[in-house]
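**Q** Just passing along the structure, written as structure tokens.
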Amino acid sequence: MRATTITHADIVESVRQALQHISVYHTADYLKHLSAAYRREESPAAKDAIGQILESSRLAAIGKRPMCQDTGMVTVFARLGQSVIIQSDKALPEIINEGVRLAYLDAGNPLRASMVADPVFDRKNTRDNTPAITHVEVAPGHNLELLIAAKGAGSENKAKYAMLNPAADLVDWVVDTVAGLGAGWCPPGVIGIGVGGSAEKAMLLAKRAVMDEIDMADLIRRGPSTREEELRLTLYDRINGLGIGAQGLGGMTTVVDVKLMTYPTHAASKPVALMPQCAANRHGKIVLDGSGPAFLDPPDLSDWPPVDGKDPSAGLRRVNVDQLTRAAMADWQPGETLLLSGKILTGRDAAHKRMADMLDRGEALPVSLKDRVIYYVGPVDPVGDEVVGPAGPTTATRMDRFTAQMLDQGLLSMIGKAERGPDAIAEIARHGATYLIAVGGAAVLVARSIRSARVVAFEDLGMEAIREFGVRDMPVSVAVDARGVSVHTTGPNAWRSMHVPVRQ
């Protein structure tokens, strides 16, 4: 049996290139299905959100910059042929980490480092996004296959697992679970279902499943030929029938595909895992055969569809945040799109925790929140003449525990993505404040509206430092108005009652 020798350097370069590639380019299969969803969408708010994702994706591809500011936790499914010899004194996961390090510290396109070394206590950032989560399978063959993904926390945090009774209805569990996820995973995307094996096997199946090629349009056209395909179609219809829609705004398409992988399990068990894949959908497969590094081919710019050419700002309310008052926010309507200009602050998990601790100790904050707007964002570092790198919103529910305390400091409004919890909504209404959303997955588009940026507090927190952005016509939608009405409730409820079928 012949052996294939693959060098340490070739693996490193292949991983480096793949991670740079998937940070910038959407896969062609996802673009095809998202474009179809855009064309058929009847909800104006959801159609606008999908349009922003598509336009931002095109800009990311042209500028070769990350499509989302959360450039992900690296996950690698490695399939090592038994006839492969890796020419290195390091284990495969260590070699992969070298590629990750080079990709995330690339001077021409730096990617945001999000990994923390200690998950329990200090949670100190590793600064290079290592280590990757690597799974190695040994199989017959002469190649090294690497399926490389970069999973953002918004979708990763929504992963679910349950040990069902063998007779329990799988479809009902999946649909009920997706209904409870909210919009933090940035739909429209893919839902992966893993069934069988053990607890950990089911989770791996679900995560692996979301990386399969999106083929729902072909499946609908030809019809199901197996029970598994029938199940996928049922789940696709039922999930989209929930009316959650793009970004949770209410609409026809919540998922562009549902993937399913199974494995034998104990007769008394039915382990089920659910893995959402966000609108970034970053993954790619490379195969090394000993001839050198393996590379992913960039997509053709014709893969991006034309987005309606109308002026996106026509008829929209323009808001000068430097002169914003509670009285001015009182007539904002849930779902209304605003264009913000002026100075806004930024801050997310670590900054909010530090501010809360300071307030608990009776200390003054380093920057006043009175009459200010704060944006929940951790931007990518800028390159060249950029003011800031891609700067899309993070999931706002993580800041719910701090909301009352920050509003008590005079904060007027917050910008993030996804829904707020009931306690946070009650505080927003009590203070006559508002909560706005920017489109998750449109990080490049949002960054274009940021004209200046400077760190004003907590510089040691890196991407989580408090910054002041000068913005011009930053597009946002009213998610919770000053009365406490949430579009993440009213929007899906309206579209669920209409029950507009996606299969058209």
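The values are calculated or read from the model by the stated rules, or taken from the named source; none is laboratory data. These figures come from a predicted structure and were not determined experimentally. Heads up, the Cβs are rebuilt from the backbone with ideal geometry, glycines too, and the neighbour counts pull from every protein chain shown.
Yes/no per residue for (1) under 26 Å from LEU181 (Cβ atoms); (2) not polar (S, T, N, Q):
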position: SER413; (1), (2): yes, no
position: PRO422; (1), (2): yes, yes
position: VAL446; (1), (2): yes, yes
position: SER449; (1), (2): no, no
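**Q** Can you go through SER477, SER452 and tell me which one is over 15 Å from ILE415 (Cα atoms) and touching a residue at least 60 places away in the same chain (Cβ under 8 Å)?
**A** After ruling out the rest, the residue left standing is SER452.
**Q** If we keep just the residues of region 222-263 that are of a type in the set (Gly, Ala, Ser) and without any contact (Cβ under 8 Å) to a residue 60 or more places away in the chain, which is farthest from MET498 (Cα to Cα)?
**A** Among them, the one singled out is SER225.
**Q** On to the next question. Which residues, counting only those in region 268-295, are among the aliphatic types (A, V, I, L, M), in a loop (DSSP other than H, G, I, E, B) and crowded, with 19+ Cβ neighbours inside 10 Å?
**A** ALA279, ALA280, ALA294
**Q** Taking helices (runs of 4 or more DSSP H) that do not extend beyond region 82-184, which have at least 2 residues that are within 18 Å of ARG282 (Cα to Cα)?
**A** In region 82-184, 92-104, 153-156 are the helices (runs of 4 or more DSSP H) which contain 2 or more residues that are within 18 Å of ARG282 (Cα to Cα).
**Q** Has region 10-23 got at least one residue that is closer than 12 Å to ALA280 by Cα and of a type in the set (Ser, Thr, Tyr)?
**A** Taking every residue of region 10-23 in turn, at least one turns out to be closer than 12 Å to ALA280 by Cα and of a type in the set (Ser, Thr, Tyr).
**Q** Considering only region 12-31, state which residues are part of a helix (DSSP H, G or I) and in contact with a strand residue (DSSP E or B) (Cβ under 9 Å, 6 or more places away or on another chain).
**A** Matches in region 12-31: SER14, VAL15, GLN17, ALA18, LEU19, HIS21, ILE22, SER23, ASP29, TYR30.
**Q** Taking the options ARG483, ARG451, ARG472, name whichever one is among the basic types (Lys, Arg) and over 22 Å from SER341 (Cβ atoms).
**A** Unique residue meeting the criteria: ARG483.
**Q** Being farther than 20 Å from TYR236 by Cβ, polar (S, T, N, Q) and touching a Cys at 6+ places or on another chain (Cβ under 8 Å) is the filter here, so list the residues in region 150-180 that pass it.
**A** none
**Q** What are the residue pairs meeting all of these: first residue in region 54-76, first residue outside the structural domain of ALA18 (by TED's automatic domain parsing), second residue assigned to a strand (DSSP E or B), Cβ atoms under 7 Å, and 6 or more apart or on different chains?
**A** Qualifying pairs under 7 Å: none.
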